[in-house]
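The values are calculated or read from the model by the stated rules, or taken from the named source; none is laboratory data. Worth saying up front: this structure is predicted, and the values here are computed from it rather than measured. Glycine also receives a Cβ, built like all others from the backbone with ideal geometry; neighbour counts cover every protein chain displayed. Quick note on the areas: whole protein, heavy atoms, side chains included, nothing else; ligands and nucleic acids left out. Shrake-Rupley method; radii C 1.70, N 1.55, O 1.52, S 1.80 Å.
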Amino acid sequence: MNKLILVAAALAAMTISAHAAPVRIATEGAYPPYNFLDDSGKPAGFEIDLAMALCKQAALECEIVTNDWDSIIPNLQAGNYDAIMAGMSITEERLQSIDFSQNYMLPDPSRYVVSAGSTIDFAALSGARIGVQTATIQEGYAKANLAAGNTILGFATADAAMADLSAGNLDTILADNAYLEPMIAASNGALAYGGEPILIGNGIGIGMRKGDTELATKLNAAIDALKADGTINALITQWFEGSAPLFPN
C-alpha cells in the first residue's frame with residue numbers, strides 16, 4: 001500500500017512539474033505591431049505584452065525567445081520551446097501538425113498594397129509580381145488562387161517583401177491588414193491599398209505541440225479571463241489603433 005502511495009505521489013509530482021521550468025514562448029520578432037525587436041534588440045509588441053499578461057494570469061513563469069518564421073513550427077515540434085505567439089493564423093493545414101489555443105485575435109482581413117499610382121486591375125489580376133511572406137496564409141492563398149498568369153514571390157519576412165515593393169521589384173504585396181495599415185500611413189502617400197479585403201484563416205492563436213493538454217488548458221483559461229476583463233481588447237486597441245477587430249463585450 002505504501003508503495004502504491006509513493007508511486008501515486010511521484011506521478012502527481014511529475015504532472016505538477018511538467019511546466020515547472022519556464023514556459024518558453026517563441027516569436028518571430030519581425031512582424032510589427034504583432035512582434036518586433038525594439039531599439040535594444042529585445043522582443044516587443046502586442047504579442048509580447050499579451051504573453052506576459054497571459055502568463056501572469058495562468059501563474060506561469062515565461063520567457064520569450066525569437067526564431068525565424070520558416071522554422072518556427074519545426075523547432076516547436078523538436079522541443080526547443082513550448083509555444084508560439086507570432087501572428088500565426090489557425091488553419092486546417094497547421095492543425096495537422098500542431099495544436100492551437102482558442103484565438104486571441106479575430107480573423108484580420110488580408111489586403112493588397114501597391115505603390116501609389118499603380119494601375120493593376122485586381123478584378124482580373126494577371127501578369128503581376130505578387131510578394132508574400134513564405135509559409136503564411138497569404139502564400140497559401142496566392143499559390144492556390146493567383147499562380148495562373150502571375151508570379152508569386154516568397155520572402156523570409158514581410159519587411160523584405162515591402163522593401164522589394166518599394167524598390168520596384170514587385171507589383172503588389174498580400175499581407176495582414178494590421179501589418180499593412182501602419183506601413184501605408186507612414187509612407188506619406190507612397191503606398192496604397194489595392195483590390196478588396198480577403199478573409200483567410202480562423203484568427204490567431206497560440207501554437208503548441210500536440211498532446212500538451214496541461215499547457216493548453218492553462219493558456220485557454222487565461223485567454224478566457226483576459227477576454228472577459230477587457231485586457232485583450234485594450235492591448236489590441238493600444239497596438240493596432242483601430243486597424244484590428246475587437247472581441248465583442
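Given the C-alpha centroids of the stretch 220-242 and the stretch 22-76, what is the distance between them in whole angstrom? The distance from the Cα centre of the stretch 220-242 to that of the stretch 22-76 comes to 16 Å. Summing charges over neighbours of TYR104, with a neighbour being any other residue whose Cβ is under 10 Å away from its Cβ, gives 0 when K and R count +1 and D and E count -1.
So what is the 222 nm mean residue ellipticity for the chain from helices alone, if each DSSP H run of at least 4 adds -39500 (n - 2.57) and you divide by all residues, rounding to the nearest 500 deg cm²/dmol?
-11000 deg cm²/dmol
In the stretch 130-249, a dipole from Cβ-located charges (positive for Lys and Arg, negative for Asp and Glu) runs towards its positive end, and of ASN145, GLY131, GLY194 it is ASN145 whose Cα lies farthest in that direction.
Roughly how many Å² is the accessible area per residue of the chain, as a whole number, for a 1.4 Å probe? Don't jump to the answer; show the numbers that get you there.
On the way: 11860 Å² over 249 residues.
Accessible area per residue: 48 Å².
Taken as Cα centroids, the stretch 79-122 and the stretch 154-190 sit 16 Å apart, rounded to the nearest whole angstrom.
Net charge within 10 Å of ASN177 by Cβ-Cβ distance, Lys/Arg positive one each and Asp/Glu negative one each, not counting ASN177 itself?
Numbers: positive: ARG111; negative: ASP108, ASP176, GLU181.
That works out to -2.
Helix 213-228 axis versus longest C-alpha principal axis of the chain: approximately 60°, rounded to the nearest ten. Taking the chain as the region of interest, the number of lysine pairs whose Cα atoms are within less than 17 Å, with members eight or more places apart or on different chains, is 4.
Relative to the longest principal axis of the Cα atoms of the chain, the long axis of helix 177-186 makes an angle of roughly 50 degrees.
In the stretch 32-106, what GluC sites (Glu not before Pro) fall in a loop by DSSP, with at most 16 other Cβ atoms inside 10 Å? Write out the running numbers ahead of the final one.
Working: sites: GLU47, GLU61, GLU63, GLU92, GLU93; in loops: GLU61.
Listed in order of number, the matching sites are GLU61.
What's the magnitude of the charge dipole for the chain around its Cα centre, counting Lys and Arg as +1 and Asp and Glu as -1 at the beta-carbon? Answer in Debye, nearest 20.
Working: 12 positive and 27 negative charges, 122 e Å.
Dipole magnitude for the chain comes out near 580 debye.
Find out how many positive minus negative residues lie around THR151, taking Lys and Arg as positive, Asp and Glu as negative, among other residues whose Cβ is under 15 Å from that of THR151. Intermediate values should be presented prior to the final figure.
Working: positive: ARG129, LYS143; negative: GLU139, ASP164, ASP171.
Net charge in that neighbourhood comes out at -1.
Taking the longest Cα principal axis of the chain as reference, the axis of helix 2-16 is set at about 20 degrees. Within the listed set GLY154, GLY211, GLY140, the Gaussian network model of the chain (springs between alpha-carbon atoms below 10 Å) gives the highest mean-square fluctuation for GLY211. Under a 5 Å amide H cut-off, with hydrogens placed 1.01 Å from N, GLY194 pairs with TYR112, VAL113, VAL114 among residues at least 5 apart or on other chains.
How much of the DSSP bridge set in the chain is antiparallel, in percent, rounded to the nearest 5?
On the way: 20 of 34 bridges.
Here the antiparallel bridges make up roughly 60 percent for the chain.
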